[in-house]
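Remarks on the structure that follows.
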Amino acid sequence: MTAFPSFVDRRVTISVGDITREAVDAVVNAANGSLLGGGGVDGAIHRAGGPEILEACKAIRATAYPDGLPTGEAVVTAAGRMPARFVIHTVGPVYGGGMRGEAAQLGNCYRNSLEIAARRELNSVAFPAISTGVYGYPTDEAAAVSSQAIEEALGANPSIGQVRLVFFQASDAETFLRHQRFTR
Ligand code: APR
C-alpha cells in the first residue's frame, strides 16, 4: 500500500479505495440534484447503505428541497448499513469548460460539506473526488480547487480533526498529489 503524504497539520489524508467502507463520521456523496441516486459513487453509496438512505433523501425532497438540491449545496442523511454514521450529499458542478463558475461551485461542495459536518460536531469526513467522474471535471483542475477549499474550511472549523480524500483509482490520487495546492 503506497504511503501518501498528509496535509494541513496531518488533518488531511489521501487513500485509494472504496469510500463506502470508510468508518468515519460522514461520507460525502457526489450526488445529483434529484437526490434519488445514480451511478458512480452515488450508486455505490446507495447500494452499500441500503434503502434507508433513499428514504431519507426522498424526505428531504418532500420538505427542504422540493425542487432538488442546488449545485454546491449539501444535506445530511443516515448512512444505513455503511460503517460511516452519516452521508453528506452534495451536488458538484457539471464541467462546461471552466468558464461558467464551476470552480466556485466545486469549492462550495467541499466548504458546505465541512460546514455541515462542523455544525453537527462531526470529527471525521471522507470525500470522493467530486465532479471528476460523470460530471467531467478534470482531475488536475479539481485538485487545485478542492485542496484550497478544504484547507480554508479546516481553518474555519478547527473542530474537524480528519478529512480523508478517497480516490477510486491510484492514478487519480497521483494526479491529485501533483496538482494539490495545500500550503502545509
Ligand atoms: N469510492 C470512491 N470513489 C469512487 C467510488 C467509490 N466507491 N465510485 C466512484 N468513485 C469516484 C470516481 O472514480 C470519480 O473519481 O468518484 C469520483 C466522482 O465520480 P462520479 O461518481 O461519477 O461523480 P460525479 O462526477 O460528481 O458525477 C455525479 O454521477 O453517479 C452520478 O448520480 C450521480 O448524477 C450524478 C453524477
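The values are calculated or read from the model by the stated rules, or taken from the named source; none is laboratory data. Just so we're clear, the structure is a prediction, and the values are computed from it rather than from any experiment. Note: ideal-geometry Cβ built from the backbone for every residue, glycine included; neighbour counts use all protein chains shown.
State whether one or more residues within segment 3-15 are in a loop (DSSP other than H, G, I, E, B), at pLDDT below 95 and within 29 Å of Gln180 (Cα to Cα).
yes
Restricting to segment 128-177, give me the number of residues that are within 14 Å of the ligand (Cβ to nearest atom), more than 16 Å from Gly107 (Cα to Cα) and not hydroxyl-bearing (Ser, Thr, Tyr).
Of the residues in segment 128-177, 11 are within 14 Å of the ligand (Cβ to nearest atom), more than 16 Å from Gly107 (Cα to Cα) and not hydroxyl-bearing (Ser, Thr, Tyr).
In the set Gly80, Gly33, Gly98, which member is within 15 Å of the chain's Cα centre (by Cα) and in contact (Cβ under 8 Å) with a residue 24 or more places away in the chain?
Just one listed residue meets the conditions, Gly33.
Among Ala56, Ala48, Ala74, which is the only one that is at pLDDT 95 or above, surrounded by 19 or more Cβ atoms within 10 Å (Cβ to Cβ) and within 10 Å of the ligand (Cβ to nearest atom)?
Only one candidate qualifies: Ala48.
Any residue in segment 40-52 that's in a helix (DSSP H, G or I): show its pairings with residues that are small (Gly, Ala, Ser) and more than 7 Å from the ligand (Cβ to nearest atom) at Cβ separation under 7 Å, as long as the two are six or more apart or on different chains.
Pairs found: Gly49/Ala79; Gly49/Gly80; Glu52/Ala78; Glu52/Gly80.
If Gly33 meets every condition in (1) under 22 Å from Ala149 (Cα atoms); (2) in a loop (DSSP other than H, G, I, E, B); (3) more than 12 Å from the ligand (Cβ to nearest atom) apart from one, which number is that one?
For Gly33, the failing item is (3).
Considering (1) more than 27 Å from Ala3 (Cβ to Cβ); (2) buried (at least 20 other Cβ atoms within 10 Å of the Cβ); (3) away from the ligand (no atom under 15 Å from the Cβ), say which one Gly101 fails and leave the rest.
Here Gly101 clears every test but (2).
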